[in-house]
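Quick note: the coordinates plus some simple rules give every number you see, no bench work behind them. Please read all numbers here as calculations on a predicted model, not as lab measurements. Cβ placement follows ideal geometry from the backbone for every residue including glycine, while neighbour counts extend to all protein chains displayed.
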Amino acid sequence: MAKYLKGAIGLLLFALPGVANADVKSASPAGFEIESKAMVSMPPTEAYAKLGRIGDWWSSAHTYSGKASNLSLELRAGGCFCETIPEGGGTIEHGRIIYAQPGTALRLQGALGPLQQEAAIGTLTWSLKPVAGGTEITQTYVVGGHVRGGADKFAAIVDQVMAEQLRRLAQSGAK
């Protein structure tokens, strides 16, 4: 957990290139909404499939195991965004897919990172829109509930971490 928070705080120190409009849309002690957009040079169906290969693009610095290759994301309703921790045989459910429409959108519910130990729930949505030259991906994360110290204190950090993940997804699509 300390590694996750250290990485998240470190992200506040620099701007993230390649992501347009990373933004805290709203924040209050009861919750927050963040949004980022990015372009990938592939059609929406390929971008959707790339979401499912989360271990290829998610940052290892933002995992409990220290290795993004331990992440999995099942692209179906009820599917798990999970992580295995090989040392000791642990597992973590980061979220559960609640909406899966190939080439259009993927939505999961879960309190990510340090929010997992709070009485909060988050809804993370990736919306895919075909545009000239590829796909525009809009990533939104809406969090609400009881967060000790106030959810608004997490908004900027979570925005930076999630914007980094979207940037990494976009960059992985360029390969």
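So here's what we get for this one:
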{"quantity": "Span-rule helices in the chain, defined as complete DSSP H runs reaching 30 Å or more along the axis (Cα) with Kyte mean at least -0.5", "calculated": "152-173"}
{"quantity": "Cross-link table LYS50/LYS129; LYS50/LYS153; LYS67/LYS129, entries beyond 20 Å C-alpha to C-alpha", "calculated": "LYS50/LYS153; LYS67/LYS129"}
{"quantity": "Percent RCO, i.e. relative contact order, over the range 38-107, from Cα pairs under 8 Å lying at least 6 residues apart", "calculated": "27 percent"}
{"quantity": "Residue of ALA68, ALA49, ALA155 that the Gaussian network model of the chain assigns the largest fluctuation, springs spanning Cα pairs under 10 Å", "calculated": "ALA49"}
{"quantity": "Shape call, the chain: gyration tensor on alpha carbons, a/c limit 1.5", "calculated": "rounded"}
{"quantity": "13 Å beta-carbon shell around PHE81, net charge (K/R +1, D/E -1)", "calculated": "+1"}
{"quantity": "Mean Cα-pair separation over length for the chain, i.e. relative contact order, pairs under 8 Å, 6 or more apart, %", "calculated": "31 percent"}
{"quantity": "Pair THR91, SER72: separation of 7 Å Cα→Cβ label points (nm)", "calculated": "0.8 nm"}
